[in-house]
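Student: This is the structure I have questions about; it appears just below.
The values are calculated or read from the model by the stated rules, or taken from the named source; none is laboratory data. Please read all numbers here as calculations on a predicted model, not as lab measurements. Positions of Cβ are backbone-derived with ideal geometry, glycine not excepted, and every protein chain shown enters the neighbour counts. SASA here: full protein model, heavy atoms, side chains in, ligands and nucleic acids out. Shrake-Rupley method; radii C 1.70, N 1.55, O 1.52, S 1.80 Å.
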Amino acid sequence: MKVRVRLAPSPTGTLHLGTARTALFNWLFAKKEGGSFLLRIEDTDFERSKEEYIKNIYDGLQWLGIDWNESPVIQSKRVNEHKAIIKTLIDKGFAYRCYASESELEEMRETQKENGLAPRYDNRHRFLTPEQESNFINEGRNPVIRFKINDQKLISWNDLIRGEMTWSGKDLGGDMVIARRAPADSIGDPLYNLVVVADDSAMKISHVIRGEDHIANTAKQILLYEALDLNIPTFAHTPLILNSEGKKLSKRDGVTSISEFKEMGYTSEAMANYMTLLGWAVPEGTNERFKISEISSVFSFEKVNKASAKFDWDKLNWLNSQVIHEMSPKKLLNYLDPLFKKNEWNIPSQEWGENLLDLIAPSMILINDGVDQAKPFFEEPTLNPDGKKQLELKETKVILKFILENLKKSDSPIINEEKAHDLLNQATKICEVKKGLVMKSLRAALFGTLNGPDLIKSWVLLSRLSKDRPRISRFI
Ligand code: GLU
């Protein structure tokens with residue numbers, strides 16, 4: 001059997017971390033099995049579905065390195081097929097029209113609650129006589145269409161992640177609505193469980209891999225597959241992603257969509273790497289740092305946890321910093337130069353930009369950290385308390401004066417590393433102070449702080465922007 005899997009996102013929001021992780025597991029499995037990974041846009045919620053979200057989903061997947069086979073299936077375009085299937089179900093006696101009004105259903109649920117029962121549809125219109133039906137129609141009622149669910153039935157499947165699963169028909173809430181209200185001589189908008197079965201079958205999906213929040217739907221869908229005499233796919237339900245408090249990751253946790261992670265400065269490589277580890281344990285002997293293109297051969301559902309996965313910012317940050325530290329300064333500059341330009345910071349040359357990144361990359365965790373780290377090169381730095389204290393020392397002034405006077409002796413504003421070293425050594429000797437004091441004084445004058453990357457290299461870069469002399473002269 002050819003493996004065909006799919007991601008079926010609803011374009012009612014941006015690409016969510018959980019959906020992207022589901023996409024990854026599908027993609028890895030397809031790659032491992034030499035199968036196909038397909039996309040289906042479930043856009044039947046017309047009010048909430050938006051074109052911009054479809055674009056966000058495509059962009060997010062591409063950014064993560066998840067490609068797909070065939071053109072995406074657009075669910076709303078298949079509505080006639082969905083309705084034809086509903087008609088078949090009615091004709092074969094598997095589905096029927098239910099005329100119960102919203103207020104009657106509400107009353108039914110209230111009574112159930114009062115009697116300590118779980119609310120469910122009580123199948124009251126399953127056996128209407130033709131007279132009863134025509135009376136309801138004459139009253140002007142629009143029915144929904146319901147699929148019959150046998151309360152006595154046990155529904156089982158062998159889940160690739162959870163093993164043997166059994167669900168009882170009586171826990172599925174009574175006969176299920178498969179089409180919205182519409183006049184009795186028509187078929188209303190088809191609903192989720194029905195369309196998923198219709199589409200997965202039409203797309204010849206062999207394995208349905210999706211979040212565990214769909215487990216109850218799977219039981220319902222299996223009943224539909226059976227009624228329609230269709231092949232039932234294999235199912236795998238992936239664990240939820242929880243926040244650090246053990247609650248389902250939601251908007252309240254700040255960032256949840258892939259585009260937001262990208263904006264914050266996470267790299268696609270670290271994101272894809274981290275998401276694969278959310279619920280999947282690497283086999284022994286495999287490094288946790290990997291590119292997804294390299295890992296598919298060892299991916300398997302046996303190593304996917306049943307338990308929910310906790311989102312761990314520290315681990316994601318660690319992976320991201322690893323990716324950044326392994327990146328060439330040239331590649332890093334490709335990311336950062338557009339961000340520099342946004343601040344109207346212009347690098348004097350490609351080489352200067354790469355040297356800057358060489359200098360600051362080791363302390364970067366996010367791509368965007370590069371902006372903060374580069375800022376004191378382009379903009380007047382603010383004085384922090386340590387820097388201020390240093391600059392108030394009597395010796396500091398003497399040192400800075402010496403350095404500035406010597407700098408002025410040179411025609412070129414640009415200093416090189418050798419000259420910089422020389423000058424610091426001379427200052428140490430002539431001013432009769434410790435070298436540490438010279439270094440601290442210069443750093444405080446140039447950058448307003450006592451900490452930072454290699455001072456000599458930073459100074460050389462700053463001199464190319466002609467910013468070292470004016471900064472030193474402020475404190476003399
Ligand atoms: N559109 C559904 C969702 O976004 C997908 C359901 C499925 O994978 O079957 O959750």
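Student: Relative to the compact globular guide of 2.2 N^0.38 Å, what is the alpha carbon radius of gyration of segment 236-347, as a ratio?
Tutor: 1.23
Student: Still on this structure, I have one more. Consider just the alpha-carbon atoms of segment 391-476 and return their Rg together with their Dmax, both in angstrom.
Tutor: For segment 391-476, the Cα-based Rg and Dmax read 11.4, 30 Å.
Student: Quick one: longest stretch of the chain between exposed loop GluC sites (Glu not before Pro), exposed meaning at most 16 other C-beta atoms within 10 Å and loop per DSSP? Before the final figure, lay out the partial values.
Tutor: Numbers: sites that count: 47, 70, 139, 245, 284, 288, 344, 379, 432.
Longest run free of exposed loop sites: 140-244.
Student: Please work out the Kirkwood hydrodynamic radius for segment 305-410, using every pair of different C-alpha atoms, and report it in angstroms with one decimal place. Walk me through the intermediate numbers first.
Tutor: Details: mean 1/r = 0.0593 Å⁻¹.
The answer is 16.9 Å.
Student: In debye, nearest 20, what is the charge dipole magnitude of the chain about its Cα centre with +1 on Lys and Arg Cβ and -1 on Asp and Glu Cβ, if you could check? List each step's numbers first, then the result.
Tutor: Working: 67 positive and 67 negative charges, 264 e Å.
In debye, rounded to 20, the chain gives about 1260.
Student: If you take the C-alpha gyration tensor of segment 1-98, multiply each eigenvalue by 5 and take the square root, what semi-axes do you get, largest first, in whole Å? Before the final figure, lay out each step's value.
Tutor: Working: eigenvalues 160, 72, 22 Å².
With the √(5λ) rule applied to segment 1-98, the semi-axes are 28, 19, 11 Å.
Student: Would you calculate a helix-derived [θ] at 222 nm for the chain, using -39,500 (n - 2.57) for each DSSP H run of n ≥ 4 and dividing by the full residue count, to the nearest 500?
Tutor: Computed ellipticity for the chain at 222 nm equals -14500 deg cm²/dmol.
Student: Additional query: Compute the acute angle (0 to 90°) between the alpha-carbon long axis of helix 435-447 and the principal axis of greatest extent of the alpha-carbon atoms of the chain; round to the nearest 10°.
Tutor: Rounded to the nearest ten degrees, it is 60.
Student: Within a Cβ distance under 11 Å of residue 453, other residues only, what is the Lys/Arg minus Asp/Glu net charge? Working shown, then result.
Tutor: On the way: positive: 443, 457; negative: 358, 454.
Combined, the nearby Lys, Arg, Asp and Glu give 0.
Student: Could you tell me which residue out of 193, 458, 218 lies farthest along the dipole of the chain toward its positive end? Charges go on the beta carbon: Lys and Arg +1, Asp and Glu -1, centred on the Cα centre.
Tutor: It is 458.
Student: While we're on this one: If every alpha-carbon in segment 366-414 counts as one equal scatterer, what log10 I(q)/I(0) does Debye give at q = 0.14, 0.23, 0.24 1/Å?
Tutor: For the requested q values the scattering log ratios are -0.59, -0.94, -0.95.
Student: Running Debye on segment 53-187 with equal point scatterers at the Cα sites and no solvent, what base-10 log of I(q)/I(0) appears at q = 0.15 Å⁻¹?
Tutor: -0.95
Student: Can you give me the C-alpha center-to-center distance between segment 1-78 and segment 226-301, rounded to a whole angstrom?
Tutor: 14 Å
Student: Please give the net charge around residue 114, taking every other residue with its beta carbon less than 15 angstrom from that of residue 114, where Lys and Arg add +1 and Asp and Glu add -1. Don't skip to the end; give the middle numbers.
Tutor: On the way: positive: 109, 113, 120; negative: 106, 107, 110, 122.
Every neighbour counted, the sum reads -1.
Student: Quick one: work out the % antiparallel among DSSP beta bridges in the chain, nearest 5.
Tutor: Numbers: 17 of 30 bridges.
Looking only at bridges with both residues in the chain, the antiparallel portion is about 55 percent.
Student: Compute the angle between helix 394-408 and the longest alpha-carbon principal axis of the chain, please, reported from 0 to 90 degrees and rounded to the nearest 10.
Tutor: The answer is roughly 80 degrees.
Student: Which trypsin sites (Lys or Arg not before Pro) in segment 225-324 sit in a loop by DSSP (not H, G, I, E or B) and have at most 13 other Cβ atoms within 10 Å of their own Cβ?
Tutor: Loop-located and lightly packed - 247, 291, 306.
Student: Of the heavy-atom accessible surface of segment 383-446 (probe 1.4 angstrom), what whole percent is carbon and sulfur? Before the final figure, lay out each step's value.
Tutor: Details: 2090 of 3910 Å².
Looking at segment 383-446 in its full context, I get 54 percent from C and S.
Student: Please list, in order along segment 279-284, the HN-Hα scalar couplings obtained from phi with the Karplus expression 6.51 cos²θ - 1.76 cosθ + 1.60 (θ = phi - 60°), rounded to whole Hz, x for Gly and Pro.
Tutor: Whole-Hz 3J(HN,Hα) from phi for segment 279-284: x, 10, 9, 5, x, 3.
Student: In Å³ and rounded to a whole number, note down the convex hull volume per residue for the Cα atoms of segment 195-258.
Tutor: Values: hull volume 6.8 nm³, N = 64.
Hull volume normalised by residue count: 107 Å³.
Student: Counting Lys +1, Arg +1, Asp -1, Glu -1, what net charge surrounds residue 10 among other residues with beta carbon under 9 Å of its beta carbon? Please list the in-between numbers first.
Tutor: Working: positive: 48; negative: 42, 43, 45.
Spelling it out: positives minus negatives among the neighbours equals -2.
Student: Another one. Does anyone have the angle between helix 313-326 and the longest principal axis of the chain? Alpha-carbon axes, 0 to 90°, nearest 10?
Tutor: Tilt of helix 313-326: around 50 degrees.
Student: Just the accessible area per residue of segment 115-171, please: how many Å² with a 1.4 Å probe?
Tutor: Details: 3520 Å² over 57 residues.
On a per-residue basis, segment 115-171 sits at 62 Å².
Student: When ligands, DNA and RNA are left out and all protein chains stay put, how many square angstrom of accessible area per residue does segment 266-425 have with a 1.4 Å probe? Please report the intermediate quantities before stating the final value.
Tutor: Numbers: 8530 Å² over 160 residues.
Normalised by residue count, the accessible surface of segment 266-425 is 53 Å².
Student: Now a separate question. Bins of 20 Å, beginning at zero and ending with the bin holding the largest distance: percent of Cα pairs per bin for the chain, please.
Tutor: Binned Cα distances yield the sequence 19, 37, 23, 14, 6, 0.
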